[in-house]
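Scroll down for the structure; my scribbles are underneath it.
Derivation of every value follows stated rules applied to the coordinates shown; laboratory data play no part. For clarity, every value in this text was computed on a predicted model and none was experimentally measured. A quick note on method: Cβ atoms are made from the backbone with ideal geometry, for glycine too, and the neighbour counts reach across all protein chains shown.
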């Protein structure tokens, strides 16, 4: 998981250095880039948390709305993940689709 994160971060950094998205007059491309950068920021927040980092949580951002999904061991960790993302300045909403599997 961390290798995928670092690869995505490296790819975005390379795109930003070359200026490819900045040269685009396409507002949709700029929005997608912004969403991707916000998704990376959200993933970094979750990975930095000692209790949430080891979990395989899904997160994405689209139009300033974050979506969390996947299994968690407890409702407390679900709330913790949501609260971490609510601290992100530019988000207007966090949709929490995390769930505790029935067999736990």
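Full extension of the chain between residue 76 and residue 100 yields a length gain of 7.6 nm, computed as 0.36 nm times the residue separation minus the alpha carbon distance.
In terms of other Cβ atoms within 10 Å, 100, 59 run from fewest to most in the order 100, 59. Remark: spin-label model distance residue 69-residue 56 equals 1.5 nm, labels positioned 7 Å along the Cα→Cβ axis. The convex hull of the Cα atoms of the stretch 39-92, projected and averaged over all directions, covers 3.3 nm².
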